Amino acid sequence: MGEGETRPDFDVLESSDAGQPSSSRRSSFRRAGRTIEKGADWFGDRIEDVGAWLANLVRYLPARVTRLIRTLSAALVGLLLLRPSGLRIARRGGRQHVKPFVRASGRRGAVRAVQILLEVLDMVGTPEIFAFVWRIATRTSPLRGEEIAAAAAVLGPNAMRYQDIRVAQGGVLRWIFARNGQRAFATFHTINLPEQGNHQRSNVDIVVHEIVHVYQYERAGSRYFAEALLAQREEGYGYGGVEGLADALHKGKQLRNFNREQQAQIVQDYVVRARSGADVMAYEPFILQLREGKI
């Protein structure tokens, strides 16, 4: 090539054959690769969900059968004692006490019926089926190391299968959180967290609160969900703070005597106080009961 001649730009010539720069083609290939990778990850997660459903169906079946038998036995005993108890109340207190007794018995019967229904649904793996569908409708991820560490510091490292828990965000949850005031909630092994507000994932004590609900589910079954909803409508989350716990301990009250939301709130407040260096002595007897599964 002589002086003054221009060397061809081979990169440009090569890329012009495709009608676009080579860097743009490489970017397109990378985007396509990422899309395929995400699709493969999504499909792999769904296969894992099906495997988890089958595994948990076997793993939790003995406990679920035991819970159903206990609930049916308690319901049968209640039915057998209903008439004699009503007659004793009528004799001792008169007819004016019969109606309140009947209303209270009706409420207890309704609660038992709901418990039996939920425990029957547990038997066929309904929580796992729900998780499969729910994780398609949302974006899920495993617990982070700091979240597991915070929960394990309270519940114990072997208290539950932390690796089975998923945190759900986005998707259909955006619509739900827009209507429930951005309040986190747990559905079986899934913790549902908003992407904004005080209950977002960066608030670790909220995550621990919801992990306690998963802990309740693993020990009490799906009935925990109905009990938590009922607690929100009735007593709520308040337990009286340090003074309330001290008074409860003095009266011989145990953690299981608090409702499901109070139990989770006690743990959440314990985490906050422990991290700040505040006194947690009033909490420790109840945290010990929690670790022993006495809920």
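Tally up the residues in the stretch 233-262 that are in a helix (DSSP H, G or I), in contact with a helix residue (DSSP H, G or I) (Cβ under 6 Å, 6 or more places away or on another chain) and closer than 21 Å to residue 118 by Cα, please.
Count: 2.
Name the pairs whose Cβ atoms lie under 6 Å apart, with the first residue in the stretch 125-151 and under 9 Å from residue 166 (Cβ atoms) and touching a residue at least 60 places away in the same chain (Cβ under 8 Å), the second basic (Lys, Arg) and surrounded by 15 or more Cβ atoms within 10 Å (Cβ to Cβ), and 6 or more positions between them or separate chains?
140/166
May I ask you to verify whether residue 282 is in the same structural domain as residue 223 (by TED's automatic domain parsing), assigned to a helix (DSSP H, G or I), in contact (Cβ under 8 Å) with a residue 24 or more places away in the chain and not basic (Lys, Arg)?
No; evaluated as a whole, the condition is false for this residue.
Only one of 65, 50 is modelled with pLDDT of 70 or more, assigned by TED's automatic domain parsing to the domain that holds residue 119, closer than 23 Å to residue 129 by Cβ and surrounded by 10 or more Cβ atoms within 10 Å (Cβ to Cβ); which? Even if it seems obvious, please write down each step before you answer.
On the way: 50 fails: assigned by TED's automatic domain parsing to the domain that holds residue 119.
One residue alone meets the criteria, 65.
Which residue, of 213, 209, 199, 189, is under 30 Å from residue 78 (Cβ atoms), buried (at least 16 other Cβ atoms within 10 Å of the Cβ) and under 14 Å from the mean Cα position of the chain (by Cα)?
From the options 213, 209, 199, 189, the qualifying one is 213.
Each row is one residue, and each column tells you yes or no for (1) more than 27 Å from residue 130 (Cβ to Cβ); (2) crowded, with 17+ Cβ neighbours inside 10 Å; (3) over 14 Å from the mean Cα position of the chain (by Cα).
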{"position": "219", "(1), (2), (3)": "no, no, no"}
{"position": "247", "(1), (2), (3)": "yes, no, yes"}
{"position": "256", "(1), (2), (3)": "no, no, yes"}
{"position": "272", "(1), (2), (3)": "yes, no, yes"}
{"position": "277", "(1), (2), (3)": "yes, no, yes"}
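Give the residues of the stretch 83-133 that are in contact with a helix residue (DSSP H, G or I) (Cβ under 6 Å, 6 or more places away or on another chain), among the aliphatic types (A, V, I, L, M) and at pLDDT below 75, sorted by residue number.
Passing the criteria: 89, 90, 98.
Select from the stretch 143-172 the residues that are out of contact with any strand residue (DSSP E or B) (no Cβ under 6 Å at 6 or more places or on another chain) and polar (S, T, N, Q) and list them in ascending order.
158, 163
Only one residue in 170, 156, 109, 181 is among the small types (Gly, Ala, Ser), surrounded by fewer than 15 Cβ atoms within 10 Å (Cβ to Cβ) and under 29 Å from residue 41 (Cα atoms). Which one?
Numbers: 156 fails: under 29 Å from residue 41 (Cα atoms); 109 fails: under 29 Å from residue 41 (Cα atoms); 181 fails: under 29 Å from residue 41 (Cα atoms).
Unique residue meeting the criteria: 170.
Criterion first (among the β-branched types (Val, Ile, Thr) and over 17 Å from residue 268 (Cα atoms)) does residue 207 satisfy it?
No; evaluated as a whole, the condition is false for this residue.
The values are calculated or read from the model by the stated rules, or taken from the named source; none is laboratory data. Please read these numbers as outputs of a predicted model, since none were measured by experiment. Positions of Cβ are backbone-derived with ideal geometry, glycine not excepted, and every protein chain shown enters the neighbour counts.
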